[in-house]
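Enquirer: I am attaching a structure below and will ask some questions about it afterwards.
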Amino acid sequence: MWTWAQALYVRVGKGGKDRTTLLPRQLERLLQRQLLRVAGLHKQDLVRGAGFVPLPNALERKFPSASQGLAWQFLFPSRVIRNCPYTGRRLRWHASESGVQTAFKAALHQAGIAKHASCHTLRHLFATHLLAAGTDIRTIQLLLGHRDLKTTMIYTHVEQAIRTTVSPLDRLHTC
């Protein structure tokens, strides 16, 4: 049974949208270690007069001190602190997309996978595996954060093709 403890909240994700998705149990300990690392880094930032993050919408005006709270720190923070062009505060943003993509490419190489893939490939794998496991298309739409169901329906074509196609090797008769 799914509980909120197994949920992962993605803020300003693909398309600038917020959404809730699944948190695999196998990643809980790794994420807890990452949270502890972020808490230590945040503590160091506070000592240096930094530790701020940009807040969404009008939250900065409503809750001025929230920007320095641990709860708002990025799970995967940038390595560098920068001055905010609007407030002058010393901010630590999220890790750059290019840095994440570089790490992903290095992981592919280390694993011996000689295929072109990107972080976005993981979204496709996630959707395809959910569909293959019998998850309904509306749930997949919500988990991926698609506005239009037609976007999610692309995965049904891939899954149906896989289910109805037999490999030529499987059609060979052995003597």
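The values are calculated or read from the model by the stated rules, or taken from the named source; none is laboratory data. Predicted model, so just to flag it, every value in this text is computed and none were measured. Backbone-built Cβ (ideal geometry, glycine too); neighbour counts: all protein chains shown.
Enquirer: Give Leu36, Leu70, Leu144 a once-over and let me know the one that is under 21 Å from the mean Cα position of the chain (by Cα), surrounded by 10 or more Cβ atoms within 10 Å (Cβ to Cβ) and not assigned by TED's automatic domain parsing to the domain that holds Arg19.
Expert: The unique qualifying residue is Leu144.
Enquirer: Tally time: how many residues in the stretch 73-89 are over 22 Å from Leu8 (Cβ atoms) and exposed (fewer than 15 other Cβ atoms within 10 Å of the Cβ)?
Expert: Let us first name the residues in the stretch 73-89 that are over 22 Å from Leu8 (Cβ atoms), namely 79-89.
Subset that is exposed (fewer than 15 other Cβ atoms within 10 Å of the Cβ): 79-80, 82-83, 85-88.
Number of matching residues: 8.
Okay, residues lined up against (1) assigned to a helix (DSSP H, G or I); (2) of a type in the set (Ser, Thr, Tyr):
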{"residue": "Phe74", "(1), (2)": "no, no"}
{"residue": "Phe104", "(1), (2)": "yes, no"}
{"residue": "Ala107", "(1), (2)": "yes, no"}
{"residue": "Ala117", "(1), (2)": "no, no"}
{"residue": "Thr128", "(1), (2)": "yes, yes"}
{"residue": "Thr139", "(1), (2)": "yes, yes"}
{"residue": "Leu142", "(1), (2)": "yes, no"}
{"residue": "Met153", "(1), (2)": "yes, no"}
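Enquirer: Would it be correct to say that Ala107 is in the same structural domain as Arg123 (by TED's automatic domain parsing), of a type in the set (A, V, I, L, M, F, W, C) and loosely packed, with under 10 Cβ neighbours inside 10 Å?
Expert: So Ala107 does not fit the description; no.
Enquirer: Please name all residue pairs, on different chains or six or more residues apart, with Cβ atoms under 7 Å, provided the first residue is in the stretch 10-25 and is in a strand (DSSP E or B) and modelled with pLDDT under 85 and the second residue is surrounded by 11 or more Cβ atoms within 10 Å (Cβ to Cβ) and of a type in the set (Asp, Glu).
Expert: These pairs meet every condition: Val10/Asp18.
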